[in-house]
Amino acid sequence: MTVLVTGARGTIARNVIALLLDAGIPVRAASRDPQATDLPAGVEAAHVDFTKPETLTPALEGVDKVFLYAAHEGMDAFVAAAQDSGVKHLVLLSSAATAGPDGGDNAIGRAHLAAERPIESSGIPWTFIRPAMFATNTLWWADSIRNEGVVRVPYPEAQVNPIHEGDIAEVAFAALTEDGHEGRAHLIDGPGHLTQRRQIELIGEAVGREITVEALPREVAEQHLPAPLLDMLASRSSRSKARQAPPGRSSSAPACPATDCRSDP
């Protein structure tokens, strides 16, 4: 069995590649710029650009299974090439934002559903991996913690559910190497949610220093973060405040859709 892993420069893809190598499974690692991709020994590099169909068939030659990121365009061409190449299983890194009946009501969910649907209708066995927020997103805070003892975040009371990328990769590896995952969508979530403020407090406890939390205004956050992410955090912040409201007091806070605030690599 040969597995093609797309997005080979991404954190989850690198973890999937390592797991496959440890299991002795041949891996072909694909990216838009193979020359700039640092790969372990024994991994074949391949050029894949979803917007350039001519790159797809050569990369898929002799491939049995594929782990792929949700491309924003070109997914139809990739599915067609996978069909022609005789691929036996597609494992897609999707998003928890697609889960539930309101999955199409938010921008992140819509984008990932657009990647899921052509795969689901392709006739190729598939598995969707739907993680929530990536745990290493919090590395964005490292410099300000180190240099100032401060973290500035929009909506610090928003509840999030960070999942370690290594854990996500292990689920993908299981889907690629075990029976019984075909036709299933695996929602990856933790046992409970934390507010961003509590996350920062826990980091402070771990490093032995007090870390100040400053709320970043929406207009400032928009210079660095995508609007769908900020919308999700706003919704989760409203839900958190509604839960803290005194008994008997009504709230008009909107329900929080299942979303994720990860960034594609």
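The values are calculated or read from the model by the stated rules, or taken from the named source; none is laboratory data. Just so you know, these numbers come straight off a predicted model, no measurement behind them. No Cβ is skipped: glycine too gets one built from the backbone with ideal geometry, and neighbour counts run over all protein chains shown. All accessible areas refer to the heavy atoms of the entire protein, side chains included, with ligands and DNA or RNA removed. Shrake-Rupley method; radii C 1.70, N 1.55, O 1.52, S 1.80 Å.
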Pop the C-beta distance of ASP64 and ARG209 into the FRET formula with R0 = 51 Å and round what comes out to the nearest 0.05. 0.55
Using only the Cα atoms of segment 1-96, build the gyration tensor, take square roots of its eigenvalues as a ≥ b ≥ c, and label the shape rounded, prolate or oblate: rounded if a/c is under 1.5, else prolate if a/b is larger than b/c, else oblate. rounded
In debye to the nearest 20, how big a dipole does segment 154-193 give about its Cα centre with +1 on each Lys and Arg Cβ and -1 on each Asp and Glu Cβ? 120 debye
Leaving out ligands, DNA and RNA, and with a 1.4 Å probe, what % of the accessible surface on the chain is carbon or sulfur? 49 percent
Under the Karplus curve 6.51 cos²θ - 1.76 cosθ + 1.60, θ = phi - 60°, whole-Hz ³J(HN,Hα) for segment 158-173, x wherever Gly or Pro sits: 5, 8, 10, 9, x, 10, 5, 4, x, 5, 4, 4, 5, 5, 4, 4
CD proxy, 222 nm, the chain: helix-only mean residue ellipticity via -39,500 (n - 2.57) per DSSP H run with n ≥ 4, per residue, nearest 500, stands at -10500 deg cm²/dmol
How big is the antiparallel share of DSSP beta bridges in the chain, given as a percent to the nearest 5? 5 percent
Segment 114-207: relative contact order from alpha carbon pairs under 8 Å, six or more residues apart, as a whole percent, is 40 percent
√(5λ) per eigenvalue of the Cα gyration tensor, segment 39-149, largest first, Å: 30, 21, 12
Classified through the alpha carbon gyration tensor (a ≥ b ≥ c as square roots of its eigenvalues; rounded if a/c is under 1.5, else prolate when a/b is larger than b/c, else oblate), the chain comes out prolate
In order through segment 59-76: 3J(HN,Hα) via Karplus (6.51 cos²θ - 1.76 cosθ + 1.60), integer Hz, x for Gly, Pro: 5, 8, 4, x, 8, 9, 9, 9, 9, 9, 7, 6, 6, 6, 8, x, 5, 4
For segment 1-58, averaging the sequence separation of alpha carbon pairs under 8 Å that lie six or more residues apart and dividing by its residue count, the contact order in percent is 30 percent
May I ask you to give the solvent-accessible area per residue for the chain, in square angstrom, as obtained with a 1.4 angstrom probe? 48 Å²
Under the rule a/c < 1.5 gives rounded, and otherwise a/b versus b/c splits prolate from oblate, where does segment 178-235 land using the Cα gyration tensor? oblate
Amide H contacts under 5 Å for VAL48, placed H, 5+ residues apart: SER31, ARG32
At 0.36 nm per residue, minus the direct Cα-Cα distance, what do ARG117 and VAL220 gain on full extension? Give it in nm, one decimal, please. 33.6 nm
Hey, can you rank 104-112, 141-149 by average C-beta count inside 10 Å, highest first? 104-112, 141-149
Is there a quick way to get the dipole size of segment 134-183? I mean about its Cα centre, with the Cβ of Lys and Arg at +1 and of Asp and Glu at -1; what is the value in debye to the nearest 20? 420 debye
Rounded to the nearest 5, what % of DSSP beta bridges with both residues in segment 67-209 are antiparallel? 15 percent
Output the peptides 124-136, 52-64, 214-226, 88-100 sorted from most to least packed, where packing is the average of other Cβ atoms within 10 Å over each peptide's residues. 88-100, 124-136, 52-64, 214-226
Going by amide H atoms built from the backbone, whose H comes under 5 Å of the H on ALA185, apart from near neighbours? PHE128
Sites ASP76 and TRP140 - FRET efficiency at Förster radius 41 Å, r taken between beta-carbons, to 0.05: 0.75
Starting at the first residue of segment 105-120, write each ³J(HN,Hα) from the Karplus equation 6.51 cos²θ - 1.76 cosθ + 1.60 with θ = phi - 60°, in whole Hz, x for Gly and Pro. 8, 10, 4, 5, x, 4, 5, 7, 5, 5, 7, 5, 4, x, 5, 4
